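Inspection log for the structure reproduced underneath, given as structure tokens.
The values are calculated or read from the model by the stated rules, or taken from the named source; none is laboratory data. Small disclaimer: the values here were computed from a predicted structure and weren't measured. Heads up, the Cβs are rebuilt from the backbone with ideal geometry, glycines too, and the neighbour counts pull from every protein chain shown. Ligands, DNA and RNA are excluded from the accessible area calculation, which covers all protein heavy atoms including side chains. Shrake-Rupley method; radii C 1.70, N 1.55, O 1.52, S 1.80 Å.
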Amino acid sequence: MWSPAPQGRHFANLRVGAIVLLTTLVGCEPSPRAPTASSTPSPSATTHLPTPVIAPGPNDGFKDVTSEAGLRFVHQLCDDHLSNIIESNGAGGAIFDYDNDGWMDVYLVNSGPLEGVTKHPPGTRREPNRLFRNRHDGTFEDVTEKAGVAGSGYGTAAATADYDNDGDTDLYVVNVGRNLLFRNRGDGTFEEVGAATQVDDPGTGIAAVFVDVDNDGLLDLFVANYLTFDPTYRLYFQPDGFPNALAYKPEFNVLYRNQGDGTFTNISERAGIRIAGHRAMSAIALDIDLDGDQDLYLCNDLSPNSLLLNDGKGRFTDEAARLGVAYNALGEAAGSMGTSVGDSNGDGRPDLLVTRFGYGSLYLADPRGPFSDALMVSGIAAVTAQFVSWGGLFLDFDNDRDLDIFIATGDAHFLVGWQSLLLENRGDGTFADAAERGGAVFHSKLRGRGAAGFDYNNDGRQDLLMTTIADRPFLLKNQIPSDRHWLLIKLEGTRSNRDGHGAIVRVTAKGRTSVHLPGATTGFLMQSDPRIHVGLGDAPVADRIEVRWPSGTVQNLENVPADRLLSLREPSTAESSRRVPPSP
């Protein structure tokens, strides 16, 4: 059993400022009864650091609509300060359509008490994870109890996919301790089958991603573990407050192969992913070399990042150093947090955005050789250097056909908020600070952690969801006025896995082609909207859409009208180009 080690707080008062008035444990009170998932937390159970007052302006590009949308949730940090590196990470969640109604729902993961990690009184109750159903009118309904997904344990992250190809999206919850797999019954309820399916990994979990490693049409499961936490370790610099990641032994990641009968088998050793020295912070599945199989990119804490290239048969080799994505432009293996994938410079190849402790990276693909880290020349360094960047993602917030960036920031050692970052692509792969265009929320000091992009109201504009530590989430509605066009593309595999993970989608409009990788939606602690969002600028029609399915089938569509949700089902054989009729 862990027991908390005394942690120094030298210089803490200089950093924390007004929050020194906090005298109660954040989100932790003894409970005389078992909690219920449906109950709205009482004030005594959700004491947390105060949220800054955000006074919206008339021209704000993003508006905080969390309260009016009904996302009533508070991250439960059972401490009055950040005592250790496990607490510092916070928790996230996932965006998915659990009831197949065409509207994205929200699942948020809670942490809670954990012996040896948090400072909590005996009998402290754990606040539940929460599932919010999209009501289609801009609001959400808490359906946690009905769905049976309150969860248990010290939660960190979540991943979703239809692992059994039955047409309903399932939910995997990552914990520090045993993980949970909720199988979607298709009637609005879930069944927890983690132990029965043999994926209840007991490690220090921090991320998971569903990925079809061998192209058999079944989604496998990769689980990223962080480190082996030792609460008795005491050597650290007093201003930091607690030891960093290198003070603890790394922990192996795990790859489970889907057997097709409802169970999984651990194939970590023979797949080549059981590599020593990883202290993973996040994982993403992507076909980075566009060769028809899914690879894995891992962000690691204070050690080189890993790019696990797939040989097409589910065997991986770490090629990060050879391909230039292990270190940043300064040659450092800085603390990496999360990854986002997108074509940031319009050359038709996927680039990598990596958020870090300080300088991050923007790895640009080069078909002739290794990636190059354009962090400095892109202008990202000038905006991000002073912050600890956690969740980050590419998004086209104004539908002008180039990818912008959102980054959640927050202090890693103290409960101090910083400004979230919005960076606008100038159209050539260089970026400018767009806080003024974003509005008041980007001038507010929030304790950001996870970040996800999704179109929660299906209006064609990408909205944002950010989780925080010891506070509520922030749903940021995109209200940037625009007459530019867009497409939302949802894939349904038949021969391939039902989610279409591993497909390569190319969209051409007015002579310009963008590339998109379905399934590459996981970042730090969070999974974004699984649908493909494509900004089309002033093009009212996509001249051509090409989908290369994991099965090898190629599907082509021509003259696709914009401003709609397009559902594409994998054909049984390669089909010739066809026109898509206009919307009724």
When you go through (1) buried (at least 22 other Cβ atoms within 10 Å of the Cβ); (2) touching a Lys or Arg at 6+ places or on another chain (Cβ under 8 Å); (3) not charged (D, E, K, R) one by one for residue 520, which number turns out not to apply? (2)
So how many residues does segment 215-237 have that are closer than 10 Å to residue 258 by Cα and either surrounded by fewer than 20 Cβ atoms within 10 Å (Cβ to Cβ) or in contact with a Gly (Cβ under 7 Å, 6 or more places away or on another chain) (or both)? 3
Any residue in segment 407-414 that is small (Gly, Ala, Ser), farther than 30 Å from residue 136 by Cα and not in a strand (DSSP E or B)? yes
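Give the residues of segment 446-464 that are over 13 Å from residue 91 (Cα atoms) and hydrophobic (A, V, I, L, M, F, W, C), sorted by residue number.
446, 454, 464
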Would you mind finding the one in 71, 77, 131 that is touching a helix residue (DSSP H, G or I) at 6+ places or on another chain (Cβ under 6 Å) and either in a strand (DSSP E or B) or surrounded by 19 or more Cβ atoms within 10 Å (Cβ to Cβ) (or both)? 131
Filtering segment 82-104 down to residues that are of a type outside the set (Asp, Glu), part of a loop (DSSP other than H, G, I, E, B) and closer than 30 Å to residue 165 by Cβ yields 91, 92, 98, 100, 102, 103, 104
Report, by residue number, each residue of segment 455-497 that is of a type in the set (Asp, Glu), part of a strand (DSSP E or B) and open to solvent by 10 Å² or more (accessible area, probe 1.4 Å). 492
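Any chance segment 142-157 includes a residue that's farther than 13 Å from residue 109 by Cα, of a type in the set (D, E, K, R) and part of a strand (DSSP E or B)?
Yes, there is a match, as at least one residue in segment 142-157 is farther than 13 Å from residue 109 by Cα, of a type in the set (D, E, K, R) and part of a strand (DSSP E or B).
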Checklist (1) in contact (Cβ under 8 Å) with a residue 40 or more places away in the chain; (2) in contact with a strand residue (DSSP E or B) (Cβ under 8 Å, 6 or more places away or on another chain); (3) not hydroxyl-bearing (Ser, Thr, Tyr) applied to residue 175, failing item: (1)
Could you pull out every one of the strands (runs of 3 or more DSSP E) wholly within segment 246-334 that has 1 or more residues that are in contact (Cβ under 8 Å) with a residue 12 or more places away in the chain and open to solvent by 10 Å² or more (accessible area, probe 1.4 Å)? 254-258, 264-266, 306-310, 316-318
Would it be correct to say that residue 322 is modelled with pLDDT of 95 or more, over 19 Å from the mean Cα position of the chain (by Cα) and of a type in the set (Lys, Arg)? yes
Filter result (farther than 16 Å from residue 404 by Cα and either modelled with pLDDT under 95 or touching a helix residue (DSSP H, G or I) at 6+ places or on another chain (Cβ under 8 Å) (or both)) within segment 482-491: 483
Tell me, please, whether a residue that is at pLDDT 95 or above, assigned to a loop (DSSP other than H, G, I, E, B), within 27 Å of residue 382 (Cα to Cα) and touching a Pro at 6+ places or on another chain (Cβ under 7 Å) can be found in segment 423-437. no
Residue in segment 362-372 that is touching a helix residue (DSSP H, G or I) at 6+ places or on another chain (Cβ under 7 Å), closer than 19 Å to residue 420 by Cβ and buried (at least 17 other Cβ atoms within 10 Å of the Cβ) present: yes
Taking the options 155, 188, 138, 167, name whichever one is within 25 Å of residue 203 (Cα to Cα) and either surrounded by fewer than 19 Cβ atoms within 10 Å (Cβ to Cβ) or small (Gly, Ala, Ser) (or both). 155
In segment 538-549, which residues are under 14 Å from residue 506 (Cα atoms) and part of a loop (DSSP other than H, G, I, E, B)? 549
Taking residue 502 as the residue in question, decide whether it is part of a strand (DSSP E or B), buried (at least 24 other Cβ atoms within 10 Å of the Cβ) and not hydrophobic (A, V, I, L, M, F, W, C). no
Where a residue in segment 216-233 is closer than 13 Å to residue 246 by Cβ and touching a residue at least 40 places away in the same chain (Cβ under 8 Å) and its partner, wherever it lies, is of a type in the set (Lys, Arg) and open to solvent by less than 10 Å² (accessible area, probe 1.4 Å), with Cβ under 9 Å and at least six apart: none
